[in-house]
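Just so it is clear, none of the values below were taken in a lab; they were calculated from the coordinates. These numbers come from a predicted model, not from an experiment. Every residue, glycine as well, gets a Cβ built from its backbone with ideal geometry; the counts of neighbours run over all protein chains shown.
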Amino acid sequence: MKPVPFEYERPHSLKAACQLLADDEDAVIIAGGQTLIPMLAMRLARPSRLVDISRIDGLSGIEEQTDNITVGCMTRHAEVERSPVIASHVPLLSAAMPWVGHAPIRVRGTIGGSIANADPSAEVPLVLVTLDGTITLSNATGSRTIPARSFFSGPMMTEIQPGECLTAADFPVWQHSRTGIGFREIAKRHGDFAMVAASAQVSVDATGKCIACAIGIGGVTDTPLALPELASSLVGTAFTDQSVHDAAKAATDNLSAMSDPQTSPEYRKRAATKLIADALMAARNDALETSEGVTT
Ligand SMILES: Cc1cc2nc3c(=O)[nH]c(=O)nc-3n(C[C@H](O)[C@H](O)[C@H](O)COP(=O)(O)OP(=O)(O)OC[C@H]3O[C@@H](n4cnc5c(N)ncnc54)[C@H](O)[C@@H]3O)c2cc1C
């Protein structure tokens, strides 16, 4: 099948791109095209116009700030995957990247596209929500920053307003000296979207007691979901397999899990309990082994 006819624009400024989007509510951004092009080919997307943002200066790159790392929307997955800055300061994102599709997809796919596309199983949104990061949205007249935890409103739905482009994501950097990460995922085949995924970051003190914790799940509910109450309940404790499993089970028991013909809500919740517990224990063990952690 061929796409329905559309116009194509490749502006050289963010302002011009946002104006094109504001002038035509059926216009859409094309970034890496790894999701949009198949959607066009299957006629699941029928935009009037593609606004290609790949030639706009300043939208790509990884920048160190004081307490976070800013990743520009056009930064390719492969660049993030290989970045020593990300590996050192946001290791949870490094650990998640190899799970994003296949290597050729990561060469073209972008961080902004992955977040804007808002697939409930996508790894980059999961890490951003887990770490309580922020998202910058720009239009022709200015920009605003919103917490990632308020950005996703449903499957493939976000708070992006007409005329806006997602320009960057900020991933918080933890300063604790003993910090570790754990990322776990179940998919039918490696490279497929996750059925269920869990990401965790844990800091411990010299005695091994948890002093900071973040945990999130993807593929279970219709948006990536942080579990701050579960995380808080573990701070001040020394993890055991049983305590972490019990806390994970309590956190997933009342979730309203998605269902599809292959995966029941009950399966998703059972898998989430196991992956949360595994990710937390992996993060805690990683933290214990770390002497320098993820400090700047
Ligand atoms: C076979 C296959 C397997 C995949 N597996 C996974 C996987 O396991 N995990 C995963 O996370 N992803 C997976 N993907 C998706 C891949 O990660 C895409 O790269 C990503 O979802 C979209 O990024 P993109 O840059 O290609 O965006 P595009 O395809 O160009 O755009 C996707 C959507 O986002 C919008 N958009 C893009 N950029 C912006 C922006 N800056 N501001 C506002 N809106 C924007 C577009 O208008 C469009 O609606 C897979 C894709 C394929 C084809």
Show me, for segment 161-170, the HN-Hα J-couplings you get by feeding each phi into the Karplus relation (A = 6.51, B = -1.76, C = 1.60, θ = phi - 60°), rounded to Hz, glycine and proline as x. 9, x, x, 9, 10, 6, 9, 6, 10, 10
Quick shape check on segment 180-296: root eigenvalues a ≥ b ≥ c of the Cα gyration tensor, a/c under 1.5 is rounded, otherwise prolate if a/b tops b/c, else oblate, and it reads prolate
Which angle between 0 and 90 degrees, to the nearest 10, do you get for helix 14-23 versus the longest principal axis of the chain when only C-alpha atoms count? 70
By per-residue mean of other Cβ atoms within 10 Å, what is the highest-first order of 230-238, 67-75? 67-75, 230-238
What ranking of Glu123, Glu63, Glu81 emerges when the number of other C-beta atoms within 10 Å of each C-beta is taken as an exposure proxy, fewest first? Glu63, Glu81, Glu123
The rounded separation in angstrom of the Cα centers of segment 1-25 and segment 239-265 is 42
Using only Cα atoms, find the angle between the long axis of helix 265-289 and the longest principal axis of the chain, and express it within 0 to 90 degrees, rounded to the nearest 10. 70
With viscosity set to 0.692 mPa s at 37 °C, what whole-number translational diffusion coefficient in µm²/s follows for segment 11-139 from Stokes-Einstein and a Kirkwood radius over Cα pairs? 213
Reach of Lys274 by Cα under 15 Å, taken over aspartates and glutamates that are not fewer than 8 positions away in the same chain: Glu185, Asp241, Asp246, Asp253, Glu266
Going by a ≥ b ≥ c, the root eigenvalues of the Cα gyration tensor, does segment 104-143 fall in the rounded group (a/c under 1.5), the prolate group (a/b larger than b/c) or the oblate group? oblate
Any chance you could get the radius of gyration and Dmax over the Cα atoms of segment 7-51, in Å? 10.5, 31
Grab the other residues whose beta carbon is less than 13 angstrom from that of Val127, score K and R as +1, D and E as -1, and report the net. -3
Which values of log₁₀ I(q)/I(0), to two decimal places, follow from the Debye formula for the chain at q = 0.08, 0.10, 0.14 Å⁻¹ with a uniform point scatterer at every Cα? -0.34, -0.54, -1.01
Within the chain, what percent of beta bridges assigned by DSSP are antiparallel, to the nearest 5? 85
About its Cα centre, how strong a charge dipole does the chain have in debye, to the nearest 20, once Lys and Arg get +1 and Asp and Glu get -1 at the Cβ? 640
Note on segment 63-172: the mean projected area of its alpha-carbon convex hull, in nm², is 6.5
